[in-house]
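The values are calculated or read from the model by the stated rules, or taken from the named source; none is laboratory data. These figures come from a predicted structure and were not determined experimentally. FYI the Cβ positions are ideal-geometry reconstructions off the backbone, even for glycines, and counts take in every protein chain you see. To get the accessible areas, we keep the full protein, side chains included, count just its heavy atoms, and leave off ligands, DNA and RNA. Shrake-Rupley method; radii C 1.70, N 1.55, O 1.52, S 1.80 Å.
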Amino acid sequence: MFRPTLSPTGLLSCQIYHLAFRTSVMSKRQRSTSPVGTTREEELNASGHDVKRPRRVDTRFNPIKIASAEAAAAVDADPPCFKIQEYMQQGMPEPDVGKAVFYWMRFADLRITDNRALSQASERARAIGVPLVALFVLSPQDYIAHDRSPRRIDFVLRNLATLQISFRELHIPFHIVTHSPRKTLPERVFQLLKEYECNHLFANIEYEVDELRRDIRVWKLGEKHGIQVNLFHNKNIIEPGVILTKQGKGYTVYSPYWRNWIDTLNSNLDEYIKEAPQPLPNSESIMQDKRFSVLFKAPALDSIAGFELNDTDAAKMEVSWPAGETAAKQILERFLNTRVRSSQLGAVNPLNPGAQNGEKHSRILKYKDTRDQMDKDSTSRLSVYLSSGVLSIRECIRQTMVLTGSKKVEGNPSSGVGRWIQELAWRDFYTGVLSHYPRVSMGRPYFEKYSEVVWEDHQVPQDSVAKHEGREDVDGEMCRRWKEGMTGVPIVDAAMRCLREMGWVHNRARMIAAMYLTKDLMIDWRVGERYFMQNLIDGDLASNNGGWQWCASTGVDPCPYFRIFNPHTQSLKADPTGDFIRHWVPELQKVRGPELHSPPASMADKLGYPREIIDHSQARDRALRRFKNPGEE
C-alpha cells in the first residue's frame, strides 16, 4: 500500500489505489431502482423487468485497472478489435428464421436515427417476417471497471426512458435487463435469445478491450448455438483499420492521420456518412402478443444501486444536459446557426431562449478563433451526446455540408467549420489508437519508457482495493486540493469546480488542469484520468485517455515533456475577460485585471482564497528532470 511520503521537494504524495466501489447518496426520486449483485437466474415479472433479490453492489468485485507491461504487450500483439473484424468478414451461415430478431443496443449508441445495427436488424426482421425486439443490458460491474460516473449513468437512464417511448411508437418491445457478474453477460444474452426463439442478433461494436473480448465470446456462442451474430461499426465516421500508415499500421501522429482521413472521407462520402434507414415499425398486433406485450409495460428506471444522484444534482443534470435525440439535434442546430452568448456560461440549459441567428458570425463559423475561450459558449457542448451515441457523428458532418452548401467535407483547418471537423476526426483518431494499441485502455502508457517516471504517486499492477477497504480518504493533500479546486491557481481551480458542478468542463480547461496535475504536482496521470471519468457526464475512454496521456507526455502524438503549460499565461489566453474564473471561484468575484489570474499572497489571504500550493518554476524544473531521465528523482 502506498503511504503519504515527503518527496525531495517536500510535497505530500497522493496515495494511489484501485477504487473500492462506494454507494453514493440515495436518490429520493426513484420510481424503479435496478438491484444488482446476484448471479442466480432472473425471472421476468409482470412489469417486464428482471426481478432479482435486492442487494447492494458486490464490493468484492475489484477489477485490476492497471495491467502489467507484459500483459499489455501481449494484447497489443493481437488486438481484439481486428479479431472481431475478421469474424465480420467471414460472416455466419443463415440460420432458421426463428420467432424474433434482436437488436442489442450498447452504452454508446443511444439513438434510433442513423443507427446501423438497428437499421439492419429492422431490415432483416421485415425480410423474414418476424418482429424486431430491442435489448439493453445494464452491467454495473462494467460501470465500476470503467469508472463510469453516476451522472453518466443517470444520463443513460434518462435517454433509455425517451427511447422506451420512441420504440413503443414503432411497436418495438424494448427489453431492459440488469446483469451481474459481467463475465457471464454473453451467456445471459443468449439465454434471452433462446427464451424468445431468436436466431438473429445485431449490435454495434464497442472498442474497449473488455467489450471486444465480450463480443468475441458472443460470436463463439453464436457459432455454438446456431444464432447469427451481426456486428457493425457505428461510433466513428471512419472505423478503425481503414486509415493506416504506409507500413500498414495504425497512426500514432495526428497530422498525417488527418490528411489521410479527410482525403479518404471525401473520396468515399456515400460509404462513410450516408444515413442509415430508419427502422420500420412492427405490426401493431405485437402489443397484444402474450410473449412480447409484457415488455411494453416496464416502467422507466430512475437509478441503478450505487450510481444514484441526489435530487439537487439530478435536477441540475436534467437542465444542463437534456436527454433525447431531439434535444441533441437542437443543440447541434444552435451551434451551427447562432451566435456566442456569455450568458450561457455555467450549468445552464443549452437550449435557453434568446439565441440570435449568427448568419456569418455563428459559433461554428467563429470556432477557429474562439474555441479555446472558456468565458462564453463558443464550443458545441455536444460531447455528451456524441460519447453516448444520442447524436450520430455522421449527422454532424452532413449538417456542416448543408451549412456550407458544399458537396465535400470542409478540410481547411483555417476555417471555423474545418477546425471543428478536425475535432471530430480526433475522436476517430483516439478510437483508432484504442483499437490498434489496446494497452492504453489497460492503464499503461503508450511509451512504456515513461512507466519509469517517478511520480509523487505511482500506481502498480499489484495495487489492490482490498488493501484500502474501509478507508474513505486516501488522497494526499496535493491531490485533494487539486480535486477540490483549492490549488491557489485560479484557472485550475475554476476548471475543477466546474467539473464537480456540471460533470463537464471546456476542453482547454481539461488540458490546463491535467498538465498542472501531471507536470506541476507530478501526480500520476492515471489519478486524473480516473477522477475525470468518475465525474464527467461525457466520459469516453478513448478521448479521456488520449487527452491525459497527451498532457502527461506518455501517449501517442504527445505534448513534448519539455513543453509545460504555464497556468497563468494559459489563463490570460483562455479566459481573457476573467468571467470564467469569477463565475466558478466566487472568492475572486471582485478582482479585476492581471491579478485575477495570479493573486498575490496578501490578496489571497484577504479574500479567503488559498495561496499557490507549489511554485511553478520549481515544479517545472522537477518535471523536466524526471522526464528527461525516467526513474530518477
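Residues Ser380, Ser343, Ser415, Ser406: which one is polar (S, T, N, Q) and either in contact with a Pro (Cβ under 6 Å, 6 or more places away or on another chain) or buried (at least 21 other Cβ atoms within 10 Å of the Cβ) (or both)? Checking each option against the conditions leaves just Ser380.
Considering each of Ala323, Ala347, Ala300, Ala314 in turn, give the residue that is assigned to a helix (DSSP H, G or I), closer than 25 Å to Asn535 by Cα, of a type in the set (Gly, Ala, Ser) and touching a residue at least 40 places away in the same chain (Cβ under 8 Å).
Working: Ala323 fails: assigned to a helix (DSSP H, G or I); Ala347 fails: assigned to a helix (DSSP H, G or I); Ala300 fails: assigned to a helix (DSSP H, G or I).
Going through Ala323, Ala347, Ala300, Ala314 in turn, just one is assigned to a helix (DSSP H, G or I), closer than 25 Å to Asn535 by Cα, of a type in the set (Gly, Ala, Ser) and touching a residue at least 40 places away in the same chain (Cβ under 8 Å): Ala314.
Considering the conditions (1) touching a residue at least 60 places away in the same chain (Cβ under 8 Å); (2) under 27 Å from Asn544 (Cα atoms); (3) assigned to a helix (DSSP H, G or I), Pro576 is excluded by exactly one of them, (3). Scanning the stretch 129-143 for residues that are open to solvent by 10 Å² or more (accessible area, probe 1.4 Å), touching a residue at least 60 places away in the same chain (Cβ under 8 Å) and either closer than 18 Å to Asp109 by Cβ or over 23 Å from the mean Cα position of the chain (by Cα) (or both) gives Pro131, Asp142, Tyr143.
Among residues of the stretch 309-340 being among the acidic types (Asp, Glu), under 22 Å from the mean Cα position of the chain (by Cα) and under 15 Å from Arg151 (Cα atoms), the one that is surrounded by the most Cβ atoms within 10 Å (Cβ to Cβ) is Asp313.
Kindly indicate whether Val556 is among the aliphatic types (A, V, I, L, M), open to solvent by less than 50 Å² (accessible area, probe 1.4 Å), over 27 Å from Ala347 (Cα atoms) and out of contact with any Pro (no Cβ under 7 Å at 6 or more places or on another chain). Can you show your working first?
Numbers: among the aliphatic types (A, V, I, L, M): yes; open to solvent by less than 50 Å² (accessible area, probe 1.4 Å): yes; over 27 Å from Ala347 (Cα atoms): yes; out of contact with any Pro (no Cβ under 7 Å at 6 or more places or on another chain): yes.
In short, yes.
Would you say Asp154 is out of contact with any Phe, Trp or Tyr (no Cβ under 9 Å at 6 or more places or on another chain) and among the acidic types (Asp, Glu)? Against the criterion (out of contact with any Phe, Trp or Tyr (no Cβ under 9 Å at 6 or more places or on another chain) and among the acidic types (Asp, Glu)), Asp154 does not qualify.
Here's the yes/no breakdown for (1) assigned to a loop (DSSP other than H, G, I, E, B); (2) among the basic types (Lys, Arg); (3) in contact with a helix residue (DSSP H, G or I) (Cβ under 8 Å, 6 or more places away or on another chain); (4) open to solvent by 10 Å² or more (accessible area, probe 1.4 Å):
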position: Met533; (1), (2), (3), (4): no, no, yes, yes
position: Ser543; (1), (2), (3), (4): no, no, yes, yes
position: Thr569; (1), (2), (3), (4): no, no, no, yes
position: Glu587; (1), (2), (3), (4): no, no, yes, yes
position: Ser598; (1), (2), (3), (4): yes, no, yes, yes
position: Lys606; (1), (2), (3), (4): no, yes, no, yes
position: Pro610; (1), (2), (3), (4): yes, no, yes, yes
position: Ile613; (1), (2), (3), (4): yes, no, yes, yes
position: Gln618; (1), (2), (3), (4): no, no, no, yes
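Return the residues of the stretch 256-279 that are open to solvent by 60 Å² or more (accessible area, probe 1.4 Å) and either modelled with pLDDT under 95 or assigned to a helix (DSSP H, G or I) (or both); say none if nothing qualifies. Walk me through it before giving the result.
To start, the set of residues in the stretch 256-279 that are open to solvent by 60 Å² or more (accessible area, probe 1.4 Å) comprises 259, 263, 267, 270-271, 274-275, 277-278.
If the condition is that a residue be open to solvent by 60 Å² or more (accessible area, probe 1.4 Å) and either modelled with pLDDT under 95 or assigned to a helix (DSSP H, G or I) (or both), then Arg259, Asp263, Ser267, Asp270, Glu271 are the ones that fit.
Residue pairs whose Cβ atoms lie under 7 Å apart, sitting 6 or more positions apart in sequence or on different chains, and linking a residue in the stretch 369-385 that is at pLDDT 95 or above and of a type in the set (Phe, Trp, Tyr) to a partner that is assigned to a loop (DSSP other than H, G, I, E, B) and buried (at least 20 other Cβ atoms within 10 Å of the Cβ), are Tyr385/Leu391.
Of all residues in the stretch 176-230, those satisfying the criterion of being touching a helix residue (DSSP H, G or I) at 6+ places or on another chain (Cβ under 9 Å) and of a type in the set (Phe, Trp, Tyr) are Phe190, Phe202, Tyr207, Trp219. Within the stretch 450-481, restricting attention to residues that are crowded, with 20+ Cβ neighbours inside 10 Å and of a type in the set (D, E, K, R), the residue that is modelled with the highest pLDDT is Arg481. In summary, Leu244 fulfils each of the numbered conditions (1) closer than 24 Å to Ile112 by Cβ; (2) surrounded by fewer than 21 Cβ atoms within 10 Å (Cβ to Cβ); (3) in contact with a Gly (Cβ under 7 Å, 6 or more places away or on another chain) with the single exception of condition (1). A search for C-beta distances below 9 Å between a residue of the stretch 145-166 that is open to solvent by 10 Å² or more (accessible area, probe 1.4 Å) and any residue that is part of a helix (DSSP H, G or I) and of a type in the set (Phe, Trp, Tyr), counting only pairs 6+ apart in sequence or on different chains, returns Asp147/Tyr531; Asp147/Phe532; Gln164/Phe296. Restricting the stretch 61-107 to residues that are of a type in the set (Lys, Arg) and modelled with pLDDT of 95 or more leaves a set whose member that is most open to solvent (accessible area, probe 1.4 Å) is Lys99.
Exactly one residue out of Gly528, Gly539 is of a type outside the set (Ser, Thr, Tyr), in a helix (DSSP H, G or I) and crowded, with 23+ Cβ neighbours inside 10 Å, and it is Gly528. Restricted to helices (runs of 4 or more DSSP H) entirely inside the stretch 105-187, those with at least 2 residues that are closer than 20 Å to Glu395 by Cβ are 116-128, 150-169.
Entry remark, the stretch 210-256: residues being basic (Lys, Arg), under 18 Å from Thr184 (Cβ atoms) and touching a residue at least 24 places away in the same chain (Cβ under 8 Å) number 3 in total.
Take Arg620 and decide whether it is more than 27 Å from Gly443 (Cβ to Cβ) and under 31 Å from the mean Cα position of the chain (by Cα). Steps first, answer last, please.
Working: more than 27 Å from Gly443 (Cβ to Cβ): no; under 31 Å from the mean Cα position of the chain (by Cα): yes.
For Arg620, the condition - more than 27 Å from Gly443 (Cβ to Cβ) and under 31 Å from the mean Cα position of the chain (by Cα) - is not met.
Among the residues of the stretch 536-571, those that are of a type in the set (A, V, I, L, M) and within 20 Å of the chain's Cα centre (by Cα) comprise Leu536, Ile537, Leu541, Ala542, Ala552, Val556. Looking across the stretch 60-80, the residues that are within 20 Å of Val433 (Cβ to Cβ), part of a loop (DSSP other than H, G, I, E, B) and of a type in the set (D, E, K, R) come down to Lys65, Asp78.
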